[in-house]
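The next block holds one structure in the form of C-alpha cells; read it before the comments.
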Amino acid sequence: MTTREDILERLAYADALGHGPQTSALIAEAVSWADALGDEDLRIATRLALTEAYQQGNEAWKALAPFSWNLGRYQRRPEAFDDAQVRTLHWHFKWAVAVAAANPRVSKDKVRQLEASLEEFYRSGGASMHVVHGERASVAGLLGLEEEAAEELAAWRATHRDENADCEGCDPMRQVAFAYRTEAWELAVATAVPALTGAVSCSVQPQTTQSLVLLPLLASGRPRAAWEAHLRSYREIRRNPKALISLSYHLEYLALVGRVDRGLEILRRHLSWLAQAESAYVLLSALRGMSLVLREAERAGRGEEPLGVEVPAADLWYPLPGLESSTTISRAYAEMTGWARRLAQQFDTRNGNSTISDHLERSLARAAFDAAPGAVHGLGVEVDLLEPSEELPEAAQTSLTVDEDGAAPDVASLLGLVADDNGLVQEHAPRTTSSSQETAGRRAHAATSHQSGDEPFPLVDLVRPRPVRNGEEAVRRYADHRRTIGSSTMDYWYVVDQVATRDLLPPIGEEIPGLEYHTGLLRAAAMTCRTEMDEAIAERLRIRPLIELAFGPLGAYYVDLLNLDNEITADSIAERSQDAVRDERLQRATSLIGQIEAQVEDLVSTELLDPGGTDALVLAADALLVGASVLTDLHAKDEALGAIQVVARAADAVPEDRHAERMDDILDMARAEVLAECGDVYNGCLLAEEVMRRHEKVSPVLAARGRRLLGISSMEVGQFDEAIAQFREQANIMLAAGITLYAVASLLSLGSALEASERFLESAEVLESALALAQRTGARSIALYLHRLLAQTGMAMGEEESVAEHSLEAARILQDQGRRALAGEYLSHAAMAASNLKDNVRAAALFRQAADLEDTRTDQGCLDRGRALRRSARALVDDLTLPMARARLDEARQIMEEARQAFAGVADTEGYSSAWEIGDWHDDMAWILWRTGQNWQAVQHCEAAYDGYMDTEDRDSASRALCMLARLHAERGERDEALAACARVRDLLGEPYWDGHDALEFVASIEETLR
C-alpha cells in the first residue's frame, strides 16, 4: 500500500526533475495516492504541486482543476493551509485568471467573475492591489478593451509591489505588452530598459522581454539593439516549447527585416510547437509570426518551395488539420493566415468587439523595414555581428515609489504620455540614457573593414556568376577556365561549388564526351571543396592516364602535385602529425616541380609556340602554383618563391588573353601568401594589402584571398578584432556570390576568431549558420569540424544542451570515419553535459559507449576503457534522490567490477602504477557507496584508495580519499574518527607547499561543524 513517505518521496523526486509533462504525470499520480490515503495535508500539498507543475510545464489550462479544488478547500477550511501555502494560492489565483482570459471558450462573464474573486481574495488577506490591477490590465487586453487596460495600468503603477507581485524583471511585461499592442513603441522600449541593460533578470528574463520588444526597438529606429536582443533572447528560448509566444515575436521581427532564410529556418525548426501551445492566444500569436515569415518568403519568389516540415494536426484550441511537408510555402501561408483569422474571430465573438482581429490585420499587413543591421556594403547577404547599440531611453516607471504614496493615479503621466501645446495626448519620448557597460565595452570590438589607421580597401568588383544549368555546362565552363593561368576566378570557384553542392556531374565513368579528363578534374575539385580528400585523390588517379595522354609527363606531374596537396590537407584535417613524412613529401614536391620547371624552360625558349605548346605552358604554370602552395605547407619558402618566379616566365610567353587576371596581381598575392605562411608575416601582409589597393575596384578573388591572409596573420599575432574584420569581409564576398562551401570555410574562420576573442554568442551564431549550409549540401567532413567547434563554444557559454547535441553529432561522424578514439572523447563530452543536465542515466549510457570504443589491444586502451566505465558507474548512481540512487547500486557495482577487470592485466611501467590505478578505483567505489547512503561500506574503500595513491606519493589524490573518509565518519556521527581523519589530512599536507589546498579548507569546515 502507498504510504505517506512514498508520496513525499514522489514530490521530492518531481521537484528535482524539473517541469514538463513527465513531472506533471508523476505528481498527478501522487494526488490520486493522497486521495486514496485520505490525508488532508497531502491532498492539499499534492494539488499545490500539481498546479505549479502544470503552470510551469506548458500545460497551464490543466492547472485550473487542482487550483479550484484548493481554493474551495481554503474557503471552507483556511486553517488547513500554512502561511507559505496561502502565499502560493495567491500566485496560483492570478495565473488562473490569465489562463481563463487567454482562451475564448471561457465566457467574458466567467472571466469577470474570476477578476472579482481575485480582488476579494487579495483584499481579504491584506495584500496590495498591485497584482490585481496588473492582472486586470492584462485581461482587458485579451478582452480587446485597450482603454480599460490603460486605466488599470495607471492604477497598477500607482500601487506598491508586494510579495505577490511578479519579480522586477517580469512585472513590467504588462506595460511592454500594452505598448506593443497599441504601437506605443517608445514606451515599450523605455519600460524594457532594465531588462535590455541587464539590470534585472530571473529564470525567464531578460529573454522574454527582449523577445517582446523586438518590433518596438525596430520601429523606434534601433535596428542594432533589435538584432542584439534577437540573438541573445532566441538562444535562451529555442529549446523551450513554453516560449512559443516569444518565438512568435522573433518570427515577426525576422520577417520585417527581410531575413527570410533565417526566418524559414527557425519556423521549420519549431513548427511542431504549434500542437503544444498553452493557450489560444499563444497559438494565435504563433500563427501570426509564422504567417509573416511565409509572406516574405513568397514575396522573395520562394512560394513554390516545399515547406519541408510537417505541420502537426491539433485541436486543443482550434482545429488545425495539419499540413504535409510537401505543401508549398504559398499554400502554407494561405492556410496559416486563414487559421489565424478564424481564431481571432473566436476572441472577437467572446469579447463583443473586433480589437483582436484588428490587431492581427495590422500585423499581417505591416510593411517590411528598409534596412537590416550591417547591410552597408551593397553585396547582398552579409554577416551581421553585434555592433554598439543605439541609445536607449530613460527607463519608464512601473510601480509607485515610497515618496509618491497616496498620489492620485493619472493615466496619461503614468503611461509615459504628455499633452502637447494643443492639449492632445502624445507619446512621450523620455531622455536618453547611456548604453550598458557591456555595450560600451563592445565598442572596442566593433568590426572594421580595414586595419586601424589605414584608408578603407577598395570596393569589391563583384558580379554574381550566372547560374549553372546542368553538369555539361559546368564542365564546359570549367574547361574554359582551365585555358588560363591562375584559373581560380570567381566563376571558377562558383562552378566548382555548384558541382560540390548540387551533384551535377554524371556518375564516375560517364564523362562528358570530349571532356573526359576535365570532368574528372572538376569532380575531384568538388570533392576537395567538400574536404573528401581520399575520394579526390582516387578520382585524379583514375583520370591520370587521360591527362597524361594529352600532355605527356606534364599532365602526370600536375595530378601528382594536386594529390600531394590533398594528402597534406587530409592529414591536417585528421590532426595527424606530419613530421615523419615532411622530408619525403618535400623531396617529392621539389622533384615534381623541378621536372615542370625544366619543361617550362624548354617551352619558353621555343621561338614560336604552337597552340599545343601554349596549352602546355598554361598547365605548367598552374601546376607550379599548386606546387608553390604545397611547398608553403611544407615551410619551404625559398623554393615556393622560386616556383612562382618560373610561373612569371611562363606567363610572359603566352598571350594575355590566357591570363585569368592581371598576372602581377595573381603572382604577388601568391608571393604574399608564401611569405605570411612561412613566417614573414609583416612583409606578407604588406604585399597583400598593396595588391588589394592597386585598383579602384579589387577583384573578388584577390579580395577574398587577401582578406583570408590578413585574417590568418592577425590570428597568429593575437589581433583577434582585426582577424574578425577580415574574415567577416571574406565571408561577405562568398555569401554575396552564392558560393556556399567557400562561404562555409570563411564563416568557420570567422567563428574561430570570434571564439578566440571570447565573443562566444556571435561565434556560436556564425558557426551554426555555417553548419546549416554544410548540412544542406551533405558535406559531413566540414560539418564534423563545425560540430566540434560548436561543442567547444557551448562549453565556454555553459550551454550544456548544445555541448551534448554537437558532441554526439561529432561522435557519430567520427565513428563513421573509423576514428574511434576521438569519437570516444566526444561521447565523454556529451556524457558530461548530460550529467550537468541531471540526466544521469543518459550520462552513464554515453560513458559506456565511450568505453566500448577503446582499443583494448593496447595497455592504454585497457586503462581508458576502465576509467570510462568507472565514470559510467558514478553517473548511474548520481540520481536526483537517494532512493533512486540506491535502486541502481547493484548495476553500478557490476560496472565497477567490469572496470576493474579492464585494467587488471596492465603491468607497471615507468609512467604507470597499478597500485595507483586500483587506488583510484577504490576512490570511485567509495564515492558510489557514499552517494547511495552506504557510508559504512565506503570507509574501507577510502583506506584502500589512500594506500594506492601513496604508492606513488600522490599526496594530492590521497588527501581526497581522506577527506571522503572524514565526511563519512562525520555523517555517521562518529566525531572522534572524523577528527582523526582530518588530522591525517593536515599531517599529509603539512609542508608549506600545500598551504591553501582545497583539502585543508574542507577539513577545516568539518572540524568547525564538530566543535
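The values are calculated or read from the model by the stated rules, or taken from the named source; none is laboratory data. Small disclaimer: the values here were computed from a predicted structure and weren't measured. Cβ placement follows ideal geometry from the backbone for every residue including glycine, while neighbour counts extend to all protein chains displayed.
Numbers for the structure displayed
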{"quantity": "Selected residue (criterion: surrounded by the most Cβ atoms within 10 Å (Cβ to Cβ)) from residues of the stretch 939-961 that are of a type in the set (D, E, K, R) and either in contact with an Asp or Glu (Cβ under 9 Å, 6 or more places away or on another chain) or in a helix (DSSP H, G or I) (or both)", "calculated": "Arg960"}
{"quantity": "Subset tally (residues that are under 19 Å from Val744 (Cβ atoms) and either part of a helix (DSSP H, G or I) or basic (Lys, Arg) (or both)) for the stretch 480-490", "calculated": "1"}
{"quantity": "Considering residues of the stretch 509-549 that are within 41 Å of the chain's Cα centre (by Cα) and either outside any helix (DSSP H, G or I) or among the β-branched types (Val, Ile, Thr) (or both) only, the residue nearest to Thr484 (Cα to Cα)", "calculated": "Thr519"}
{"quantity": "Long-range neighbours under 6 Å by Cβ, at least six apart or interchain, first residue of a type in the set (D, E, K, R) within the stretch 771-800, second in a helix (DSSP H, G or I)", "calculated": "Arg780/Ile813; Arg788/Ala810; Glu800/Ala833; Glu800/Asn836"}
{"quantity": "Unique residue being surrounded by fewer than 21 Cβ atoms within 10 Å (Cβ to Cβ) and modelled with pLDDT of 95 or more when the list is Ala101, Ala149, Ala137, Ala116", "calculated": "Ala116"}
{"quantity": "Failed condition for Trp936, given (1) at pLDDT 95 or above; (2) assigned to a helix (DSSP H, G or I); (3) surrounded by fewer than 15 Cβ atoms within 10 Å (Cβ to Cβ)", "calculated": "(1)"}
{"quantity": "Residue within the stretch 39-53 that is closer than 18 Å to Ala102 by Cα, of a type outside the set (A, V, I, L, M) and surrounded by fewer than 21 Cβ atoms within 10 Å (Cβ to Cβ) present", "calculated": "no"}
{"quantity": "Residues of the stretch 554-594 that turn out to be over 38 Å from the mean Cα position of the chain (by Cα) and under 22 Å from Val647 (Cβ atoms), as a count", "calculated": "18"}
{"quantity": "Near pairs, Cβ below 9 angstrom, 6+ apart or cross-chain, from the stretch 870-899 (closer than 24 Å to Glu854 by Cα) to any residue that is β-branched (Val, Ile, Thr) and part of a loop (DSSP other than H, G, I, E, B)", "calculated": "Val877/Thr932; Ala892/Thr932"}
{"quantity": "Whichever residue in the stretch 118-166 is assigned to a helix (DSSP H, G or I) and among the polar types (S, T, N, Q) and, among such residues, is farthest from the chain's Cα centre (by Cα)", "calculated": "Ser124"}
{"quantity": "Residue in the stretch 184-200 that is nearest to Arg362 (Cα to Cα), counting only those that are in contact with an Asp or Glu (Cβ under 9 Å, 6 or more places away or on another chain) and of a type outside the set (A, V, I, L, M)", "calculated": "Trp185"}
{"quantity": "Considering residues of the stretch 152-197 that are touching a residue at least 60 places away in the same chain (Cβ under 8 Å) and basic (Lys, Arg) only, the residue surrounded by the most Cβ atoms within 10 Å (Cβ to Cβ)", "calculated": "Arg157"}
{"quantity": "In the stretch 701-724, residue surrounded by the most Cβ atoms within 10 Å (Cβ to Cβ) [restricted to those that are closer than 12 Å to Ser757 by Cα and either touching a Leu at 6+ places or on another chain (Cβ under 6 Å) or among the aliphatic types (A, V, I, L, M) (or both)]", "calculated": "Ile724"}
{"quantity": "Within the stretch 312-357, considering residues that are hydroxyl-bearing (Ser, Thr, Tyr) and part of a helix (DSSP H, G or I), the one surrounded by the most Cβ atoms within 10 Å (Cβ to Cβ)", "calculated": "Tyr333"}
{"quantity": "Helices (runs of 4 or more DSSP H) contained in the stretch 845-924 and holding at least 1 residues over 24 Å from Ala823 (Cβ atoms), modelled with pLDDT under 95 and of a type outside the set (A, V, I, L, M)", "calculated": "882-887"}
{"quantity": "Long-range neighbours under 8 Å by Cβ, at least six apart or interchain, first residue touching a residue at least 24 places away in the same chain (Cβ under 8 Å) and more than 23 Å from Glu607 (Cα to Cα) within the stretch 637-655, second surrounded by fewer than 17 Cβ atoms within 10 Å (Cβ to Cβ) and acidic (Asp, Glu)", "calculated": "Lys637/Asp680"}
{"quantity": "Residue in the stretch 630-652 that is over 52 Å from the mean Cα position of the chain (by Cα), farther than 27 Å from Val581 by Cα and modelled with pLDDT under 95 present", "calculated": "no"}
{"quantity": "Any hit, the stretch 198-208, residues being under 28 Å from Asp358 (Cβ atoms) and either of a type in the set (Asp, Glu) or without any contact (Cβ under 8 Å) to a residue 40 or more places away in the chain (or both)", "calculated": "yes"}
